[in-house]
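The values are calculated or read from the model by the stated rules, or taken from the named source; none is laboratory data. Predicted, not measured: the structure shown is a model, and the values here were computed from it. Here the Cβ is made from the backbone with ideal geometry for all residues, glycine too, and neighbour counts use every protein chain on show.
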Amino acid sequence: MVHFRTDIGATNPHVFGTTDTYADNLETDVLIVGAGFGGVYLLHRLRDELGFKCKIYEAGKELGGIWHWNCYPGARVDTGVPIYEYSLEKVWKDWTWTEKYPGWSELRKYFAHVEQQLDVKKDVAFDTRVVSAQFDTSSSKWVVRTEDGRTAHARYLINAIGFAAKRHFPDWKGLDSFKGEMYHSSFWPEHGVDVKGKHVAVIGTGSTGVQIAQETAKEASSVTVFQRTPNLCLPMRQAKLTREEQQERKKDYPEIYRHRMTTFAGFQFDFIKRKTLDDSAEEREALFEKLWQAGGFEFWLATYEDMLFDKAANDEAYNFWAKKTRARISDPRKRDILAPLKQPHTFGTKRPSLEQDYYEQLDKPQNDVVDVKATPIEEITETGITTSDGKHREFDLIALATGFDSVTGGMKNMGLKDTDGVPLSEKWQMGTWSYLGMTCNGFPNMFFLYGAQGPTAFSNGPSCVEVQGDWIVDAIAKCKQEGVSRLEATKDAEEEWRQKVTDLSNKTLFPGTSSWYMGANVPGKPREQLNYAGGIPLYEKECRTALENWQGFVTV
């Protein structure tokens, strides 16, 4: 059977504080849903800098968003620090990391440090899940209801729930019949799971599946990965960091944070202004090797500018990837499944995961990889997994790394209704409509960030959160300054934005790949580009232009 974390939602929320944060009929200027990077940043800026009364509703029991929920083996960020943190000097000046790519436990410590500096939690209601929200036109306020029956009234509603807020469970036969241990990656037990001497199945090869397989293989008796699509992983090049080297570098942090907003994806590097085939084979090989050795996402996002636009250029990148990766796998059968000579999908049009020794671990004789495109999973039994070729494999533990209804799933799942009472889930049933990836027609005074039709999955999370968060803060401040009681995107603006997102995507190689970027990982979900593919600088320019004279909005 599938086990869920029992600590989530088990606490009486009203014992957390003596403020009005947990009150029924709560009155506030701004209600934020989600206490991850986005929600905390918005609360700090709106409350501490601009003086608005703000509250956060958070379904979990701590700050951190995804880093509160993620505690599966090997869970760590795929962006190096200090890029993956707030640009707020108040936060970074007294904080140091132990490694370049921090794991989940260190990210939780970081949020504890954020709390010490920003005093966020006094205005957060934990264990509070929003089940309905609708704008009341007579009072010009949002009426928001929680799972335990409380109501809040807010002038502005901001959804900061992230792009992976709704888990996706496959509908395999017998999913509930398994007698061993079974966990979805986002419901992993806080105390961990003992895998020593156990036979472990990992279903899924997104970043979560890669991390779980890589980590559990170090202790388990065996690990079998069930792979639908090869993950074209890149070497992480993890490194320990000293306090001294970080302190020395902090004089450069203001420039580092300024510079990250000038790059396509909000990293410290960017595409080079050269085309792949303009270089000789030797020059190309030298650049690829340099990026490969640098590690992280540089081979993906610091390469030739045409890699994600031109198939011939992309083929060159894939061929290099395959050559480097295949050299690490001695078993010829596993080599062809994990790193096939023929490109399984256009390189970089699915987010590559960063690995440390994934291929070496799976290459070990006790571990295996099953190609479930060739032999799909037919049934989960009491003792294991049966595939379509009739083979039954027995396991003690099954890890479901089956992903999320990404980008749109969370907002469609929280009971949002427009002013006519039509649910957002219904409005977005045939596709996604927003304006600027932050507002929606029919939902006045509502904003969201790190979600649909923003830079989201094509960007570094904190970079995206800050560019969108700053815009939302400025929009609310402008409303107050100009006496605007109601701000709403027009239907025409939504249509134009959707077209812009589609047109930008269609210039790239992304639409040719079935990925969660395109909504293709969830059966029945419309196939469409869910992210803004124009890069952060262009995105910011478009949003700032709209703010100058409320272009695309109706104001009251």
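Search the range 463-514 for residues being β-branched (Val, Ile, Thr) and in a loop (DSSP other than H, G, I, E, B), and hand back the single one that is modelled with the lowest pLDDT.
Step by step, filter the range 463-514, then rank; the result is 513.
Mind checking which strands (runs of 3 or more DSSP E) fall wholly inside the range 87-177 and carry at least 3 residues that are aliphatic (A, V, I, L, M) and out of contact with any Gly (no Cβ under 6 Å at 6 or more places or on another chain)?
Of the strands (runs of 3 or more DSSP E) lying wholly inside the range 87-177, those with at least 3 residues that are aliphatic (A, V, I, L, M) and out of contact with any Gly (no Cβ under 6 Å at 6 or more places or on another chain) span 151-159.
Taking into account only those residues within the range 251-271 that are in contact with a Ser or Thr (Cβ under 9 Å, 6 or more places away or on another chain) and outside any loop (DSSP other than H, G, I, E, B), which is surrounded by the most Cβ atoms within 10 Å (Cβ to Cβ)?
Result: 260.
Which of the following residues is more than 18 Å from residue 57 (Cβ to Cβ), basic (Lys, Arg), at pLDDT 95 or above and surrounded by 15 or more Cβ atoms within 10 Å (Cβ to Cβ): 108, 167?
Going through 108, 167 in turn, just one is more than 18 Å from residue 57 (Cβ to Cβ), basic (Lys, Arg), at pLDDT 95 or above and surrounded by 15 or more Cβ atoms within 10 Å (Cβ to Cβ): 108.
Kindly indicate whether residue 96 is touching a helix residue (DSSP H, G or I) at 6+ places or on another chain (Cβ under 9 Å) and either at positive phi or β-branched (Val, Ile, Thr) (or both).
yes
Identify the single condition in (1) modelled with pLDDT of 95 or more; (2) closer than 16 Å to residue 338 by Cβ that residue 206 does not satisfy, given that it satisfies every other one.
In the conditions (1) modelled with pLDDT of 95 or more; (2) closer than 16 Å to residue 338 by Cβ, residue 206 misses (1) alone.
What is the residue count in the range 209-242 for residues that are among the charged types (D, E, K, R) and either modelled with pLDDT under 95 or in a helix (DSSP H, G or I) (or both)?
Number of matching residues: 2.
Just checking, how many residues over the range 357-369 are outside any helix (DSSP H, G or I) and surrounded by fewer than 20 Cβ atoms within 10 Å (Cβ to Cβ)?
Going through the range 357-369 one residue at a time, the tally reaches 5.
Of these, 502, 456, 439, which one is of a type in the set (Val, Ile, Thr), surrounded by fewer than 23 Cβ atoms within 10 Å (Cβ to Cβ) and touching a residue at least 24 places away in the same chain (Cβ under 8 Å)?
The conditions single out 502.
Per-residue answers, yes or no, for (1) free of Cβ contacts under 8 Å to residues at least 24 places away in the same chain; (2) crowded, with 21+ Cβ neighbours inside 10 Å:
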position: 466; (1), (2): no, yes
position: 469; (1), (2): no, yes
position: 483; (1), (2): yes, no
position: 492; (1), (2): no, no
position: 495; (1), (2): no, no
position: 507; (1), (2): no, no
position: 511; (1), (2): yes, no
position: 541; (1), (2): yes, no
position: 548; (1), (2): yes, no
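Across the range 442-495, what is the number of residues that are within 12 Å of the chain's Cα centre (by Cα) and among the aromatic types (Phe, Trp, Tyr)?
2
Going by the structure shown, is residue 447 at pLDDT 95 or above, of a type outside the set (Gly, Ala, Ser), outside any helix (DSSP H, G or I) and under 17 Å from residue 41 (Cα atoms)?
When the stated conditions are applied, residue 447 passes them.
Give me the residue from the range 313-350 that is basic (Lys, Arg) and more than 26 Å from residue 279 (Cα to Cα) and, out of that set, surrounded by the fewest Cβ atoms within 10 Å (Cβ to Cβ).
333
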